[in-house]
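> Structure in structure tokens, see below.
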Amino acid sequence: MSPQRLGELLIAKSMIRPADLEAALGVQASVGGLLGMILVRLGSLSESDLLSALSEHLGLPIQARDEMPSPAQVEALLAETGTTHAWWVERQAVAWKTTRPPALETAEDGDALLEDDDADVKLICAAVHPLDPTLRGLLAQIADRPVEWRLAPRSLIAAALEDVREDELEFSGGVADAARLRELAQEAPVIDFVNGVFAEALQRRASDIHVEPFEDKFFVRMRVDGILHTARTAPRSSFDAVCSRIKLLSGMDIGERRLPQDGRQAIRVSGQEVDLRVSSLPAAWGESMVLRLLGKTSRLPELSELGLADEDAAKLSRMVDQPNGIVLVTGPTGSGKTTTIYRLLTGINDGVRKIITVEDPVEFDLPGVIQVHVKADIGLTFAAGLRSILRQDPDVIMIGEIRDPETARIALQAALTGHMVISTVHTNSGLAAISRLLDLGVEDYLLADVMRGVVGQRLVRRLCPHCSAPSDAAQITTYRRAIPKAVRAKIKAGAQNWREPVGCAKCGGGGYLGRVGIYEIAPLGSEAAAAIRRRASEPDLLEICRRDAGVLTMFEDGFLKAAAGATSLSEIFRVIGPVDPETDGLDHSADELQAVY
């Protein structure tokens, strides 16, 4: 064992700050407990980092996930020691015996002989605290040779014990009132469970955590690169305590379980500052909780990193660099609209123009930009905030979302009076934003005067660079039938690299790692303005934008990215959905496309 203390080791490795150690020692002095686990509970470092440091500090290996025992092995050890599941849960450990094949001995003539008739039986214990004297004393009584000690994360130990018998894994008993809920939410097992979920979400790069109760269990699911994956399950009897812990962290009312609630709080997880946004919805078996973790990063990605080609990035920059008008970014929740807008604002934030935003919520701190957080419960809505902003002498205004006629009308008036307005709306394509504003009661002739351009975007998963494989010839032949005419020439002009997902350890077996945007960038010129005045259809507007600015739809931009090997065509179809051959410029029938879907 290293003579260096754990806290000193963690500071030397820059895993924690001296202030973190001081705070943890203070907690340890008042309530006791293991220093490492206190640091994890305080959010000073992740459990994986702690295990790595402890492995070096204690000279013990870390338990591999694929070498965990079977339920039968755990049951056999519990029976031999006369202990209960609860005893092992309390000590955050799991032990089992494993049998290796007997050793072989080679005879003089080269034939292999058995050295003895007995197989080699070894006793293994994976624990959070392998130095626990009670644990060591128990296993010493049944071991005829040294115990093989290993470090293990709490989630791995809990999963092994849960597979044996779930009803022993309750954090606490029944729940009665708000005071009891608050008490349960502050118990160590509940804190550890919730902190472990947060740490795992950050490790997996999850954007959202879903905590969903049902009759016998509750599930923790995480949205990674737009896809939900089940991360954990636990007994339903533990849900109220976990739900209350989440509510406490996000500043919500623990006692209110009949009405939906929203909460927000800044927390520290695994040494990272994280903004926690929580929504609760009462359901049949309890409150469904959805948490969004917004890491406080210090850097916004460049437009090229978001997936914009140089030509499209230049178009977009020119659209927002004009002295007045409206630019709209469209897409569903979680499609990267806010990141795109923040990057655009950073690009035009030259110290000469005054930029003010009104957002719900403020997701990233932009130096030099006045950012207003909407608070509808006290009357500070988008419309109210926008009215006040106009009295602040801004040059550029960013509105988080145009969702009602009043906000649309004020945004239009701001653009007409010499301001550049950037905002978002929820539509299925960029050009559909025109119809959306007209539906909100905006006059067509005024809209035509102020619209400078629209942007539609989605996020598709990037193929894992470590395991993706070339598409076979049959697949490529099938795909070629679905290539839109508008992009066929571009694909032929460039190097083709059609690829498919495979799956490996680095991407978690999914075949994808990270996401990239697909875009519809449509600057609106004089001919498009005339079409807006006569309320032309979206296909007519698209045709005009194709001729004037070479606009591609998101579907077509996705084909280009698939041809370049950034993503797969199956992923493009998953995100965009089935396409209409007449409106998307495809030169084949819908029957021919069926094989691709």
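> Going residue by residue through the stretch 393-409, is there one that turns out to be within 26 Å of R223 (Cβ to Cβ), in a helix (DSSP H, G or I) and either among the aliphatic types (A, V, I, L, M) or in contact with a Phe, Trp or Tyr (Cβ under 9 Å, 6 or more places away or on another chain) (or both)?
So far as the stretch 393-409 goes, no, none of its residues is within 26 Å of R223 (Cβ to Cβ), in a helix (DSSP H, G or I) and either among the aliphatic types (A, V, I, L, M) or in contact with a Phe, Trp or Tyr (Cβ under 9 Å, 6 or more places away or on another chain) (or both).
> Would you tally the residues in the stretch 57-69 being over 31 Å from the mean Cα position of the chain (by Cα) and open to solvent by 50 Å² or more (accessible area, probe 1.4 Å)? Let's see the steps before the verdict.
To start, the set of residues in the stretch 57-69 that are over 31 Å from the mean Cα position of the chain (by Cα) comprises 57-60.
Of the ones still in play, those that are also open to solvent by 50 Å² or more (accessible area, probe 1.4 Å) are 59.
Of the residues in the stretch 57-69, 1 are over 31 Å from the mean Cα position of the chain (by Cα) and open to solvent by 50 Å² or more (accessible area, probe 1.4 Å).
> Does the stretch 1-16 hold any residues that are open to solvent by 30 Å² or more (accessible area, probe 1.4 Å) and not hydrophobic (A, V, I, L, M, F, W, C), and which are they? Reasoning before the result, please.
Residues of the stretch 1-16 open to solvent by 30 Å² or more (accessible area, probe 1.4 Å): 1-5, 8, 11-15.
Listed by number, the residues that qualify are S2, P3, Q4, R5, E8, K13, S14.
> What tally of residues in the stretch 280-293 results from selecting those that are buried (at least 17 other Cβ atoms within 10 Å of the Cβ) and either in contact with a Gly (Cβ under 9 Å, 6 or more places away or on another chain) or not polar (S, T, N, Q) (or both)? It would help to see each step written out before you state the result.
Within the stretch 280-293, the subset buried (at least 17 other Cβ atoms within 10 Å of the Cβ) is 280, 286-289, 291-293.
Still in the list and also either in contact with a Gly (Cβ under 9 Å, 6 or more places away or on another chain) or not polar (S, T, N, Q) (or both): 280, 286-287, 289, 291-293.
Of the residues in the stretch 280-293, 7 are buried (at least 17 other Cβ atoms within 10 Å of the Cβ) and either in contact with a Gly (Cβ under 9 Å, 6 or more places away or on another chain) or not polar (S, T, N, Q) (or both).
> May I ask you to list the residues in the stretch 353-382 that are modelled with pLDDT under 90 and closer than 11 Å to M398 by Cα?
Within the stretch 353-382, E359, F382 meet the criteria.
> Could you say which residue among L541, L560 is closer than 17 Å to D312 by Cβ, in contact with a helix residue (DSSP H, G or I) (Cβ under 7 Å, 6 or more places away or on another chain), part of a helix (DSSP H, G or I) and modelled with pLDDT of 85 or more? Spell out how you get there, then give the answer.
Working: L541 fails: closer than 17 Å to D312 by Cβ.
Going through L541, L560 in turn, the sole match is L560.
> Checking the conditions here, which among A201, A241, A231 is open to solvent by less than 30 Å² (accessible area, probe 1.4 Å), among the small types (G, A, S) and outside any helix (DSSP H, G or I)? Give the steps one after another, and end with the answer.
Values: A201 fails: outside any helix (DSSP H, G or I); A241 fails: outside any helix (DSSP H, G or I).
Residue meeting the stated conditions: A231.
> Taking S30 and the conditions (1) at pLDDT below 85; (2) over 30 Å from R17 (Cα atoms); (3) out of contact with any helix residue (DSSP H, G or I) (no Cβ under 9 Å at 6 or more places or on another chain), which numbered condition does it fall short on, given that it satisfies the others?
(2)
> Listed residues A93, A72, A19, A24; which is at pLDDT 85 or above, farther than 19 Å from G137 by Cα and crowded, with 19+ Cβ neighbours inside 10 Å?
On inspection, the qualifying residue turns out to be A24.
> Kindly indicate the residue of the stretch 435-494 that is β-branched (V, I, T) and at pLDDT 90 or above and also surrounded by the fewest Cβ atoms within 10 Å (Cβ to Cβ) among those meeting that condition.
Taking the stretch 435-494 first, the residues β-branched (V, I, T) are 442, 450, 454-455, 460, 476-478, 483, 487, 491.
Now drop any that are not at pLDDT 90 or above, which leaves 442, 450, 454-455, 460.
Numbers: V442: 21, V450: 23, V454: 29, V455: 30, V460: 26.
The extreme case among them is V442.
> Right, next: With the requirement that a residue be assigned to a helix (DSSP H, G or I) and either open to solvent by less than 10 Å² (accessible area, probe 1.4 Å) or of a type in the set (S, T, N, Q) (or both), what does the stretch 411-423 give you?
Applying the first criterion (assigned to a helix (DSSP H, G or I)) to the stretch 411-423 yields 411-416.
Within the stretch 411-423, A411, L412, Q413, A414, A415 meet the criteria.
> Also, I was wondering about something else. For G514, state whether it is open to solvent by less than 50 Å² (accessible area, probe 1.4 Å), modelled with pLDDT of 90 or more and farther than 30 Å from G441 by Cα.
yes
> Taking the condition open to solvent by 40 Å² or more (accessible area, probe 1.4 Å), small (G, A, S) and modelled with pLDDT under 85, does G255 pass? Show your work before the answer.
Working: open to solvent by 40 Å² or more (accessible area, probe 1.4 Å): yes; small (G, A, S): yes; modelled with pLDDT under 85: yes.
Yes; evaluated as a whole, the condition is true for this residue.
> Looking at the stretch 310-322, is at least one residue open to solvent by 50 Å² or more (accessible area, probe 1.4 Å) and in contact with a strand residue (DSSP E or B) (Cβ under 6 Å, 6 or more places away or on another chain)?
Checked the stretch 310-322: at least one residue is open to solvent by 50 Å² or more (accessible area, probe 1.4 Å) and in contact with a strand residue (DSSP E or B) (Cβ under 6 Å, 6 or more places away or on another chain).
> Every residue in the stretch 505-527 that is touching a Leu at 6+ places or on another chain (Cβ under 6 Å) and assigned to a helix (DSSP H, G or I), please.
Passing the criteria: only C507.
> Filter the stretch 377-399 for residues that are among the hydrophobic types (A, V, I, L, M, F, W, C) and open to solvent by 70 Å² or more (accessible area, probe 1.4 Å) and give the result. Let's see the steps before the verdict.
Step one: filter the stretch 377-399 for residues among the hydrophobic types (A, V, I, L, M, F, W, C), giving 378, 380, 382-384, 386, 389-390, 396-399.
Within the stretch 377-399, just I378 meets the criteria.
> Quick one: which strands (runs of 3 or more DSSP E) lie wholly within the stretch 253-339 and hold at least 3 residues that are under 17 Å from the mean Cα position of the chain (by Cα)?
On the way: elements: 261-269, 272-283, 286-295, 325-330.
In the stretch 253-339, the matching strands (runs of 3 or more DSSP E) lie at 261-269, 272-283, 286-295.
The values are calculated or read from the model by the stated rules, or taken from the named source; none is laboratory data. These figures come from a predicted structure and were not determined experimentally. Ideal geometry is used to build each Cβ from the backbone, glycine not excepted, and the neighbour counts take in all protein chains shown. These area figures cover heavy atoms from the full protein model, side chains too; ligands, DNA and RNA do not enter into them. Shrake-Rupley method; radii C 1.70, N 1.55, O 1.52, S 1.80 Å.
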